[in-house]
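Asks: Have a look at the structure that comes next, please.
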Amino acid sequence: MVQEYGRYFGMPTCCLRGGCLTGPNHSGVELHGFLSYLVKCNLEGREYKIFGYKGKQVRDNIHSLDVARFVAAFVASPHCGEVYNLGGGKPNSCSILEAFKITEHFSGTKQIYTYVDQNRIGDHICYYSDPRKMKEHFPNWSVTVTLNETIRQIVEAWQARESLKIGLRM
């Protein structure tokens, strides 16, 4: 509807089809927000369940700062009835197993996990966004926060939350 109304009525609208939108303030849960939830499990020593595909399913990840930067670029120079695949693209993509290794690097804690042979219904084996249209329409916009930096920030944010909880209990 966003695309149709935007084009039909000449309205400056866009639909953002997001990959994994994340960042240090993301509070992921088991079925949504995989990086944040994975990091939380790692730091709390909790088991992370991998659902199918041997943990090799790939997702692209885009930091909330880059999402906000894209929204600002669109507001500054809107298009009518556009659809953009908003994500980190191939360079910011990783599998669950790769995310474990990056998280372990920053947390210093080995990931505890189990494997469930059945994949989640509707889950993709591989998804990453093609940002070419975004770059064509907004040449000054690009992904600026790398996957490693995003995970580092998420680790530090969860560590800060845990420190705050401990401080409040004392």
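The values are calculated or read from the model by the stated rules, or taken from the named source; none is laboratory data. Fair warning: this is a prediction, and the values are worked out from it, not measured in the lab. Glycine gets a Cβ as well: all are built from the backbone with ideal geometry, and neighbour counts include every protein chain shown.
Asks: Which one of the conditions (1) within 11 Å of the chain's Cα centre (by Cα); (2) exposed (fewer than 14 other Cβ atoms within 10 Å of the Cβ); (3) modelled with pLDDT of 95 or more does Glu47 fail to meet, given that it meets all the rest?
Replies: Among (1) within 11 Å of the chain's Cα centre (by Cα); (2) exposed (fewer than 14 other Cβ atoms within 10 Å of the Cβ); (3) modelled with pLDDT of 95 or more, the lone unmet condition for Glu47 is (1).
Asks: Still on this structure, I have one more. When you look at Leu97, is it surrounded by 14 or more Cβ atoms within 10 Å (Cβ to Cβ), aliphatic (A, V, I, L, M), within 21 Å of Ser36 (Cβ to Cβ) and out of contact with any strand residue (DSSP E or B) (no Cβ under 6 Å at 6 or more places or on another chain), yes or no?
Replies: Working: surrounded by 14 or more Cβ atoms within 10 Å (Cβ to Cβ): yes; aliphatic (A, V, I, L, M): yes; within 21 Å of Ser36 (Cβ to Cβ): yes; out of contact with any strand residue (DSSP E or B) (no Cβ under 6 Å at 6 or more places or on another chain): yes.
Answer is yes for this residue.
Asks: Further question on the same structure: Give the residue, chosen from Gln118, Gln153, Gln159, that is surrounded by 18 or more Cβ atoms within 10 Å (Cβ to Cβ) and either among the charged types (D, E, K, R) or more than 14 Å from Arg59 (Cα to Cα) (or both). Before you say what the answer is, go through the steps one by one.
Replies: Values: Gln118 fails: surrounded by 18 or more Cβ atoms within 10 Å (Cβ to Cβ); Gln159 fails: surrounded by 18 or more Cβ atoms within 10 Å (Cβ to Cβ).
Criteria check complete, one pass: Gln153.
Asks: I'd like to verify a number: residues in segment 121-144 that are modelled with pLDDT of 95 or more, surrounded by fewer than 19 Cβ atoms within 10 Å (Cβ to Cβ) and within 15 Å of the chain's Cα centre (by Cα), how many?
Replies: Number of matching residues: 1.
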